[in-house]
Amino acid sequence: MPEPVKVTVFDDGPIEIQGPVTVYNEFGKVIATYDEEETLYLCRCGHSNDKPFCDGSHDDTGFCHKVRPKEE
Ligand code: FES
């Protein structure tokens with residue numbers, strides 16, 4: 001059984017995706033594919049010049065968002 005895709009949301013940074021993944025645009029066109037050995041970073045700060053991928057711009061923009069589990 002293949003390993004599940006792992007998604008990690010970094011404090012003040014991108015979303016990391018590890019595992020085989022294909023990224024599509026809203027029209028179903030493939031933007032990029034990654035195998036199980038590769039790691040993908042998606043921008044969540046809105047400042048990347050390579051959206052939807054992170055280009056490290058979050059470091060220069062002061063993007064600040066901590067991710068914590070919701071209280072039950
Ligand atoms: S999260 Fe890295 S550029 Fe937006």
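The values are calculated or read from the model by the stated rules, or taken from the named source; none is laboratory data. Quantities reported herein were computed from a predicted structural model and do not represent experimental measurements. Cβ: placed from backbone, ideal geometry, glycine included. Neighbour counts: every protein chain shown. The accessibility values were calculated without ligands, DNA or RNA, using every heavy atom of the protein model including side chains. Shrake-Rupley method; radii C 1.70, N 1.55, O 1.52, S 1.80 Å.
Under a point spin-label approximation (7 Å from Cα along Cα-to-Cβ), what is the Phe10-Asp60 distance to one decimal in nm?
Simple spin-label model gives 1.6 nm for this pair.
So what is the relative contact order of the chain, in percent, for Cα pairs below 8 Å that sit 6 or more residues apart?
Working: 119 pairs, mean separation 20.4, N = 72.
Computed value for the chain: 28 percent relative contact order.
Which aspartates and glutamates have a Cα less than 19 Å from the Cα of Lys6, not counting those fewer than 8 places away in the same chain?
Filter leaves Glu16, Asp35, Glu36, Glu37, Glu38.
Distance in nm between label sites at Met1 and Thr39, each 7 Å beyond Cα in the beta-carbon direction?
The answer from the label model is 2.5 nm.
Whole number in Å², please: accessible area per residue of the stretch 6-61, 1.4 Å probe, ligands, DNA and RNA not counted. The partial results should precede the final answer.
Numbers: 3660 Å² over 56 residues.
Normalised by residue count, the accessible surface of the stretch 6-61 is 65 Å².
Over the chain, with a Gaussian network built from C-alpha contacts below 10 Å, which listed residue (Glu16, Glu26, Glu38) shows the highest mean-square fluctuation?
Of the options given, Glu26 has the highest mean-square fluctuation.
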